[in-house]
Structure formats: C-alpha cells, structure tokens
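The values are calculated or read from the model by the stated rules, or taken from the named source; none is laboratory data. On a predicted model such as this, the values are computed, not experimentally measured, just so you know. Quick reminder, even Gly has a Cβ in these numbers, built from the backbone with ideal geometry, and neighbours come from all protein chains shown.
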Amino acid sequence: MNVLGISAFYHDSAACLVTDGRIVAAAQEERFTKIRHDNAFPWMAIQSCLEIGGVTAQQIDRVVFYEKPLIKLERILQNAVDLAPSGLIAFATGMPSWFADKLRLQRILKREIGYRGQLEFESHHQSHAASAFFPSPFEEAAIITVDGVGEWATNAIATGRGNSIEIIHEINYPDSLGLLYSALTEFLGFKVNSDEYKVMGLAPYGEPRFATLMLDRLVDVADDGSYRLNMEYLAFRSGRRTAGKRMAELFGCPPRAPESAIGPVHMDIARSIQEITDLVMTRQAAFARRVTGMNRLCLAGGVALNCVANGHILRSGIFDDVWIQPAAGDAGGALGAALSCWYRNAGATRRPEHRDSMAGALLGPEFTDDEILTALTDAGLPTVRHGDAVFAETARHISEGQVVARFSGRMEFGPRALGSRSILADPRNRDMQRIVNEKIKFREGFRPFAPAVLEERCGEWFDLARPSPYMLLVAPVAESRMIQPTGPEPSGLDRLKVEKSLIPAVTHVDGSARVQTVTSAAAPDLAAILRGFDRLTGCPVLLNTSFNLRGQPIVRTPAEAVETFLACDIDALSAGPFIATKPAGWTRKALSKPRPFRRPRRVAELRRFGFEISATAVVAGFAGWFLPAEPAVWTSTALWAVAALLSTLALAAPHLFKRIESAMHVAGAKLNGKVGAVLFGIVHVLVVTPTGIITRLTGRRRRQPPGWASPDPSESRGGPQNMY
C-alpha cells in the first residue's frame, strides 16, 4: 500500500511516501524551489518522492493532508467574528487563498499530479503526534506536541500504543506557546516562522530579568504546564503581526528594527522567553508522565525544535528516554499524516526497531558520482578523485584549519544538516565561530554552531546520557573539557571572546552545546571523517552546520553545492569521492535568485489554452457585427482569421503558447487575489462585523476555559476519513 502525505499552504510544504509502513522518501519543497519555508503545493517534492519510491501517481492508494481545512476555517471565521470590526484587512487578504487552494485540494491533486483516488484529512496535532511516535523505537510512549496552532489545538498530550494514538488533553487557540515565542521573535527584529531559532541562540548571552514580569503580566503558567496568554500584549489574532503595541510598554523599550544593533535588553528578553519555554515544557512533561503513566516521551511540533527546552526535559529525569521527530515542524506533518493513515487503514502490527525508522533523516534524493563530477568540472574547479581515501583527506583539510563543505548521499529531511549537506570545521579553533558566521554564512556573529561527535566518545566530551542523532538536544560540555576562566566575567556579546572550552567554536557561552551523535550505521561518511579527524588531532568532534548561506535553504544538487561553494569563503568542497578547491583567480559570485515555480504545462493543457483564446477571438468576431457595416466585415474577418491561426498552432505546435499561458496565469492569479480581497472585504463589512457585534451584545462569544481540555469528539479526531 502506497500512502502519500502532504503538508502545504501555510509554511514548510513537504511530501512523504510511505510504502507498506516503511518511510521510503520525504522532502521539503523549499529545497527544490530555493524559497525558504515555501508554502506552495509541493509538486517537486512529490515528484522526488515518487521517483525514489519507483511509483507513479496512479499507483498511490491514499493521499493524506496533514490537517483538516474546514475545521481550521471554522476557527478563522470565529476569530474574525470575535475581533470585528477590526481585522478587516487581514480577513480580506487572507480568505481568497482558502478558496483558491486549501478547499480545492482534490482538484489540485488531479490537475497537478493526475491523482484521482481517495483523499483523506488528518488533524494537525494527530499528524504531529504520529510523526513523533510511529518512527520512534518505543512500543508505547507519552506524546507532547507543541506549535503555533493547527485547527484549534496549539498544544496536545497523547498516548501512543502499538499502532494507535489517542489525544487525551489539549490547549486551544488563542493560548499558544508557539505563537508567544513567535511574538517575541518579531519584537526582537527577527522573522516569524523562520527565525525563532535565532532567539534561542541569543538567549545564553542575556539574563532572565524579565521572566517574572512575563509570568505576572504576559502568560499565566499552571503547575500542570497549561497556560493562559494576556492578549492585551499580543496581536496575532488580527493577522497583521504577532507582537502587540503594548509589548514595548512591558519591556520598556521599542521593538528592535531588523538588522539593527543587538543590545543587552534584547538578550535579556530572549533569555526570559527561553526560561518561560523551559518552564512550560518541563511542567508539561511532568504532567504527561502523571496522566499517562508511561516512562518514555515523544516530541513534535515546531516548539519541539527548541533544543534547550528538550535538554531540560531530558536532564529533569521525568522520563527514562525521549525521542524527538527531526522534522518536528509542519514539514514533518506530511510524514505523520502518511504513517497515521497507513496504520489505521492497513491495520498492521507495528514492530519498533532498536533504533528509529527515520533512517537518520536521510530520506531525500541522492546523486551519482558522475553527476557530482559533471558539476565540478563544468564549474572549472580543480578536482581530485580520492575514492575511499576522501574521508581521510577531508579530515586532513579540516585539521589544517580549513573549512570544508561535504556533499554526499541522500539529502536530509528536516531543518538540520546531519553530514550529507554540511559545512565542517575544527571546533578547537577559537576564531572558527566568527569565521564561519561572518565570511561563510554571512549572518549574525552570535549564532552558535553544533558539535558532531562519535556516539561512543560522546560521554568523554558532553554530559549527555543518551544518543542525540538529530541535533535536537542541548547538553553541557563535560567539565574535563572546560577551562576555568580568570578575571571578571564579560557580559552580552563580549562573551563571544571568552574561551571556556577545549572546543570553543561549538560551545555556548553558558558552557552547553547542541549535540549531534554520529554512528557508522546512520551517517557512515560523517563517521569516517570524524574518525580521521580523531586520529590526526585526538578530538572526535567537528563543527557541523548546514551547507547554505544566510537566507537560502540547504543545498540539494551538486550544481547548487558548487554555486554555494563559489559564493563564500569555504576552502574546499568534499563531494562524493572528490575534493575540489577554488580555481585560480576566484572571486566571490552572488547566488542566483530563486524564482516562483510553476509546474511544466502538459501538451494537452497548452493545446486547450490555445483553443480557449481561439474561441475568444471567434466570439469577439461575432461582436464585431455591432460595428458599422464596413468595419464590421473587416474586424470580424480578421478576428476569425486569428482564431483559425491559433487553432492551427494549438494542434500543430502547442508549446508556442507556453510563455503566453504562463504570463496570463500569473496575471490572472494576481487579479483574482485583488478581486477576492475586495469581495471578502465587503463580506466582512456586511456579514462578519454585524455578527461580531450581535455576538458580543448577546454574550455568546466563544471562550476557552484555562487549563487542559479534552478533545472535542465532534471534530472526529479519531480518523482521517473526511475533512471533519
């Protein structure tokens, strides 16, 4: 049974193919379009998954969408009514996309990939829970999912047993830890749904001096980890932004302008929201342990990418073991939806393996040595083929102080590069964090890097009692690898200059690190490079960061690897069995700009378009008869001649209509969006606003009580058989 899971139309569109319960392939659309967090229909990701699986669209038995659009639309409409008359612009500009995309998925699937079979919808947090539990190595486990918002739920606790998952508690919109973190992300001058990890990286430089104030006035956190937000300080319900105007009053400073200087107050705000996140997540873990009685935990949802909070949960000892979905955000929802559908429809017995079934998250496309060599030679790069010795040579380059990009094997699924699309460097070099941030990634100097360490040597270097193959746990660097500093302790970003560790390039200022443990089974190439570096230096640790530049997705193809290599100061490119260096006279080249993608039109579609404009010319020809006699004859004859020519071209050379069809499609989409915005603006004024006023006057406004709630059975979360 082939099941295709899809996430799309919000952010991080992705596709996943599951065949007879096995995860065959998974990929994010952004890696193909080069548009970060691309939310478009994942056409290229789907094609990649089908190609890897060796199946066609006609061989797919089920397609599953990662959430239920009608329930989500209910929440959006309810929110619009509650806010009316405000929220007009957000409602008018946001609603047209629902009728263009989100409510027409069956038609889109038929048009885009030729799929005419059964389409199912899984609830958002059920998808997250399935992505966390089913690939895990646990027979049974408690599950916590935390993100911005799905349909109504923003946070859920579930139990996973065998091949079934049951959501038992949830917190509903507008109370959302994910949206609160995003609001502070925006206030600190970073991009929402993209840069939350920057806030996490900035936090260690500050002090949590606003944490108590936030607990008093911004968020009320209960002992069981449930919470209630004070919406006076937040604006995400209106859709225009996430942080409200009163946020500046709370912190005594204006919002930080993007790309402006980062001051102590910004670091302290980042540290404070991180402290709140740690508190909420740890209390939720304790509550989940009590109510489920299970000793293992699975995590998913965008907030589960917060490695610091994950580390707190692990070190708390609440659970014996923790497993986190490496693609914990919305991209992973495609995987969870597919797995949930498989186990529910096939009724198969789940047999967890000793390790998880994510295959090291190496689920994307891969390229042959010949394809890699072609990209290197076409770019004129000096290249040497080392064969099996490439790992030792790569380690040698790194040990000599060079920064090396590694490209090999299948592409990773999720936001982390785990050795297949990575930039590697010597973590012992105190200047390496600055070099990689400023000269290679072109990003903020405070941004930390992760250490990749051989799993069997992890205990020598980090206080981490379990494997962390997906770089999703923060742990302290072992005391034996730390240096006791002398003199007064610097504050703020000056702490970057303090070397406290034998591996300073990957050590946070608080003495912790975001650890990736590496085995030969999961990441053979990276493990071989680590062993080579260990033999040369006695250090089984490397700096590992994603192979991309600021604002760009991780590279996918050999050509993209070469382009990125030539656009920055990476010293060598280790690709497959080859090592390439910069050509003589090299100068830095700018990356090509991404372009919005449109699926190549089929011949039948172009031919139909040709006949459509031909028919338009015919109709216009008849309209010409309303002109005076002589002009009517000439006008109609000319238009019919054009129609005849267009019809002939549509039959004989439909590809000639490609550019015209594309230009008219783009123009039509923009026009439809503007017309739709006007129409929905009218709907808001005539329908939504009066309804909101009447609702408030009659006291029938929907209110969610604080604390954990039981799922509403009317939303049929138990199965993905229909949109509800």
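Within region 34-76, the set of residues being under 16 Å from the mean Cα position of the chain (by Cα), under 30 Å from Phe680 (Cβ atoms) and of a type in the set (Lys, Arg) comprises Arg36 only. Candidates are the residues of region 514-566 that are assigned to a loop (DSSP other than H, G, I, E, B) and of a type in the set (Ser, Thr, Tyr); the one that is farthest from Asp426 (Cα to Cα) is Thr557. Considering every residue within region 93-116, establish whether at least one is surrounded by fewer than 21 Cβ atoms within 10 Å (Cβ to Cβ), out of contact with any Pro (no Cβ under 9 Å at 6 or more places or on another chain) and over 23 Å from Trp43 (Cα atoms). Taking every residue of region 93-116 in turn, at least one turns out to be surrounded by fewer than 21 Cβ atoms within 10 Å (Cβ to Cβ), out of contact with any Pro (no Cβ under 9 Å at 6 or more places or on another chain) and over 23 Å from Trp43 (Cα atoms).
Entry remark, region 550-576: residues being crowded, with 18+ Cβ neighbours inside 10 Å and in contact with a helix residue (DSSP H, G or I) (Cβ under 8 Å, 6 or more places away or on another chain) number 15 in total.
Residues in region 457-480 that are in contact with a strand residue (DSSP E or B) (Cβ under 9 Å, 6 or more places away or on another chain), under 20 Å from Ala521 (Cβ atoms) and assigned to a helix (DSSP H, G or I): Arg457, Cys458.
Exactly one residue out of Ala361, Ala261 is out of contact with any His (no Cβ under 7 Å at 6 or more places or on another chain), small (Gly, Ala, Ser), surrounded by fewer than 24 Cβ atoms within 10 Å (Cβ to Cβ) and not assigned by TED's automatic domain parsing to the domain that holds Pro577, and it is Ala261.
Between Asp278, Asp268, which is touching a residue at least 40 places away in the same chain (Cβ under 8 Å) and either charged (D, E, K, R) or over 21 Å from Ala129 (Cα atoms) (or both)? Before you say what the answer is, go through the steps one by one.
Numbers: Asp278 fails: touching a residue at least 40 places away in the same chain (Cβ under 8 Å).
On inspection, the qualifying residue turns out to be Asp268.
Number of residues in region 451-467 that are modelled with pLDDT under 95 and within 29 Å of Gly576 (Cβ to Cβ) equals 1.
Within region 235-242, one or more residues are crowded, with 23+ Cβ neighbours inside 10 Å, assigned by TED's automatic domain parsing to the domain that holds Cys307 and touching a residue at least 60 places away in the same chain (Cβ under 8 Å).
When region 233-254 is filtered for residues that are touching a Leu at 6+ places or on another chain (Cβ under 9 Å) and either assigned to a helix (DSSP H, G or I) or at pLDDT 95 or above (or both), the ones remaining, listed by number, are Tyr233, Phe236, Arg237, Ser238, Met247, Leu250, Phe251. Pairing residues of region 508-522 that are outside the structural domain of Leu314 (by TED's automatic domain parsing) with residues that are assigned to a loop (DSSP other than H, G, I, E, B) and aliphatic (A, V, I, L, M), at Cβ distances under 6 Å and at least 6 apart in sequence or on separate chains, gives Arg514/Met471; Val515/Leu464; Gln516/Met471. Criterion applied to Thr581, Thr517 was being closer than 30 Å to Arg481 by Cβ, at pLDDT 95 or above and touching a strand residue (DSSP E or B) at 6+ places or on another chain (Cβ under 8 Å), and the one residue passing it is Thr517.
Please determine whether any residue of region 296-316 is assigned to a loop (DSSP other than H, G, I, E, B) and closer than 22 Å to Ile157 by Cβ.
To start, the set of residues in region 296-316 that are assigned to a loop (DSSP other than H, G, I, E, B) comprises 301, 306.
Next, only the ones that are closer than 22 Å to Ile157 by Cβ stay: 301, 306.
Yes, there is a match, as at least one residue in region 296-316 is assigned to a loop (DSSP other than H, G, I, E, B) and closer than 22 Å to Ile157 by Cβ.
Just one of the listed residues (Arg416, Arg430) is within 24 Å of Pro476 (Cα to Cα) and either of a type in the set (A, V, I, L, M, F, W, C) or over 30 Å from the mean Cα position of the chain (by Cα) (or both), namely Arg430.
On the stretch given as region 436-455, residues that are part of a helix (DSSP H, G or I) and in contact (Cβ under 8 Å) with a residue 40 or more places away in the chain total 5.
Of all residues in region 393-430, exactly one satisfies the criterion of being acidic (Asp, Glu) and without any contact (Cβ under 8 Å) to a residue 40 or more places away in the chain, namely Glu400.
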